[in-house]
1. Trypsin sites (Lys or Arg not before Pro), restricted to segment 72-118: which are DSSP loop and have at most 13 other Cβ atoms within 10 Å?
2. How compact is segment 165-241 by the rule of thumb for globular proteins, expressed as Cα Rg over 2.2 N^0.38 Å?
3. Quote to one decimal, in nm, the extra length available between D32 and W84 on full extension: 0.36 nm per residue of separation minus the C-alpha distance between them.
4. Which values, in whole Å and largest first, are the semi-axes of the equivalent ellipsoid of segment 89-150 obtained as the square root of 5 times each eigenvalue of the Cα gyration tensor?
5. Over the chain, give the accessible area per residue in Å² for a 1.4 Å probe, as an integer.
6. Please report, largest first and rounded to whole Å, the three semi-axes of the ellipsoid equivalent to segment 19-72, where each semi-axis is the square root of five times an eigenvalue of the C-alpha gyration tensor.
7. Name the residue farthest towards the positive end of the dipole of segment 84-199 from the options W84, V146, L134, assuming +1 on Cβ of Lys and Arg, -1 on Cβ of Asp and Glu, about the Cα centre.
8. Of all the accessible heavy-atom surface of the chain, with the other protein chains kept in place and a 1.4 Å probe, what percent is carbon and sulfur?
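The values are calculated or read from the model by the stated rules, or taken from the named source; none is laboratory data. Small disclaimer: the values here were computed from a predicted structure and weren't measured. Cβ placement follows ideal geometry from the backbone for every residue including glycine, while neighbour counts extend to all protein chains displayed. Keep in mind that these areas ignore ligands, DNA and RNA; they rest on the heavy atoms of the full protein, side chains included. Shrake-Rupley method; radii C 1.70, N 1.55, O 1.52, S 1.80 Å.
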Amino acid sequence: MAVLFQDASVQLLKSSRNNFMKTPIYNTKGKDAGSIDLPEGVFGVKKNSALVHQVVTAMQANARAMVAHTKGRGEVRGGGRKPWAQKGTGRARHGSSRSPIWRGGGTTHGPLSTKNYEQKLNKKMRAKALAVTLSEKVREGRLLLVDSISFKEPKTKDARAVLTGLGTIKGYTEVGTRRKNAVLFALASKDKTVLKSFQNMGNVMVEEARNLNPVDILMYRYLVIVDPTESVKALTGRITK
C-alpha cells in the first residue's frame, strides 16, 4: 500500500491490486468510526474541467423555467382599423395602432415562453462528470464519510449539534461555522426526520446519494456521505453501469 496523499485528517491509501482508496469514517461527534475502501473509478478520476463545465451548463439550461412572455403586434388587442388615411393628412403612414413603435403596441424581440434552452446531455457524460466532481472533493479534502445520522424527532438543535461535532474533525472546522453553502449531506435512503431537522438551516442541503449531481456537489463546499457502504454502492451503480 502506498500513500496517495494526505490532506487535513483524510489519509487515502491506494491499492495497486484492487484500485481502492482507504478512507476514514467518523461518527456525528467527530470520532473515528472505522474506514472504507472507496473505488478509484468513482473517487479517483482524473480532473476534466471542460466536461464538468459542459454538463453543468447543460443541466442548468435544462432546468431553466421560461416564465416571461411578451406579446407581438399580432397578439396585442385592438389596432384592427387603420389610424388614418394613407395620404392627405400630412402625417406619417401607419397601418395599425398596435405597431411596436406605438404606445400600447406589441413588443419587438422580447422574451417568449416558447423559447427552448434545452441542451442534449447523454448518460455517460453525466456519469463521468459526477465521478470527476466526487474525485475533486476527495483531492481537495472536502469529502467526509459519516457512519450514520438519526434523530428521534425533527429538531434543528440536534442538527446543529451534528455540524458542531463534525467541525471538530481536523481540517473540517468550516463545516460547523460556514454560513453559506456549507454542507451537502448525501443519505443512503430518504429520511424525513433528518430532512426536516436540517431544512431550517440555509447553509445545508440534504439529498439522497442516488440523486447526487455535479451542480449540487459544486455548489456546496463540503460533501458528507452518510452510511458510506450503501451510499457508495448507489453512486458506483450510477457511474459504472
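1. Details: sites: R73, R77, R81, K87, R91, R93, R98, R103, K115; in loops: R73, R77, R81, K87, R91, R93, R98, R103, K115.
Here the trypsin sites (Lys or Arg not before Pro) that fit, given the DSSP loop and packing criteria, are R77, R81, K87, R91, R93, R103, K115.
2. 1.10
3. Values: separation 52, 0.36 × 52 = 18.72 nm, distance 8.55 nm.
Full-extension gain reported as 10.2 nm.
4. Semi-axes from the Cα gyration tensor: 59, 15, 11 Å.
5. 60 Å²
6. 41, 19, 7
7. Looking along the dipole axis, the top candidate is W84.
8. Roughly 48 percent of what the probe reaches on the chain is carbon or sulfur.
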